[in-house]
Amino acid sequence: MPKSEKKNAVRQKAAAAENGAERRDWRKRDYTLTDCMRFGLIANILFVVFIVICLIYYYSLARKGTYVILFETVAYTTEMLGFALFILSVVWTNKLVRARGVMKVLLPVYIGIEVLLMLLEFELLPDIVPFTLYNGLSLGLIIVHVLFSAGVSLSLLQMEPDNKRVQIIVAITCGIILSGMMTAAAHYRVYASILVNAFAYIFFFAAMYLLLQREEVRVDCHGDRAEETSFTSTMFADSPLLQEKPEKRRRTLGQIAKDAARQISSEEQTVLTDEDESFEYEFNVLEDDTDDDDLDDFGGDAE
């Protein structure tokens, strides 16, 4: 077998081994960060639906002693589905993104606390001593819950900390969550602040979903291939060189206009400061031109 074929065979085996290892490590990743944002959005919408159903049910029918199994089944199925999607969204996000340890810890803790509070609010936990002391109207509990939720939302800034759009989205999300303190002033239970959190995360996940779809946010994830630099060969040119092919980048109209203005001003400055071309620039003629045609008319020569 020729040496060139042996080299090609070795390279193919190495590439196949690398691709196989990547597939084994990531198991043919069938989900993306966009999917995580979409599931998080759906989960928080389901939380809102669940709380609205419960408010209608417990403040209307249940107060009169009328219990409808269909209402309770729909409500708690919606809640469980919402938490399942939220957990799936967080697990996938933690698997996908690199680093961001604070965010990866706070998100699961936040979900666990929300589950515990919802179970306590609707008295779905057994009568254990710590849980019997629970008071959903406690001002301190609501303030601590709101502040913790705001801290979790701030950790989401790690997604893309230098992106202004992400900064604005996280700031708005945090502002909505902090407004949940008004529920404590209005003497609502803690589930009212949970409802505010759901609206805040609906905004966050919807905004991030749109940015990811438009590729305006780039979060470095495991398994992403590094951007490869392409080269063009000039092997058959007069002077063979290996030249780097510049990457084409989209430019805005403002950048194009600035570049054009800069180019025009540089050309104009070159002409004005060049002594040899100043005459040509002002009178649109060459300085060393002679009236050879006029001299020929008189039969003379230019000296």
Residue within the stretch 180-194 that is in contact with a Leu (Cβ under 9 Å, 6 or more places away or on another chain), of a type in the set (D, E, K, R) and modelled with pLDDT of 90 or more present: no
Look at Ala184 and say whether it is closer than 17 Å to Cys36 by Cα and hydrophobic (A, V, I, L, M, F, W, C). no
With the condition kept exactly as written, say whether any residue in the stretch 35-55 is among the acidic types (Asp, Glu), assigned to a helix (DSSP H, G or I), surrounded by fewer than 18 Cβ atoms within 10 Å (Cβ to Cβ) and more than 32 Å from the chain's Cα centre (by Cα). no
Among (1) under 18 Å from Tyr110 (Cα atoms); (2) modelled with pLDDT under 95, where does Phe148 come up short? (2)
Determine which single condition Met103 fails, assuming it passes every other condition in (1) part of a helix (DSSP H, G or I); (2) out of contact with any strand residue (DSSP E or B) (no Cβ under 9 Å at 6 or more places or on another chain). (2)
Of all the residues that make up the stretch 137-171, how many are surrounded by 15 or more Cβ atoms within 10 Å (Cβ to Cβ) and of a type in the set (Val, Ile, Thr)? 6
Considering the stretch 62-81, residues that are at pLDDT 85 or above and touching a Phe, Trp or Tyr at 6+ places or on another chain (Cβ under 6 Å), and then whichever is farthest from Phe39 (Cα to Cα), we arrive at Ala75
Looking across the stretch 177-188 at residues that are buried (at least 21 other Cβ atoms within 10 Å of the Cβ) and in a helix (DSSP H, G or I), the single one that is nearest to the chain's Cα centre (by Cα) is Ile177
When the stretch 67-86 is checked residue by residue, the ones that are in contact with a helix residue (DSSP H, G or I) (Cβ under 7 Å, 6 or more places away or on another chain) and assigned to a helix (DSSP H, G or I) are Phe71, Val74, Ala75, Thr78, Glu79, Leu81, Gly82, Phe83, Leu85, Phe86
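The values are calculated or read from the model by the stated rules, or taken from the named source; none is laboratory data. Bear in mind that the values here come from a model prediction, so they are computed numbers and not experimental data. Glycine gets a Cβ as well: all are built from the backbone with ideal geometry, and neighbour counts include every protein chain shown.
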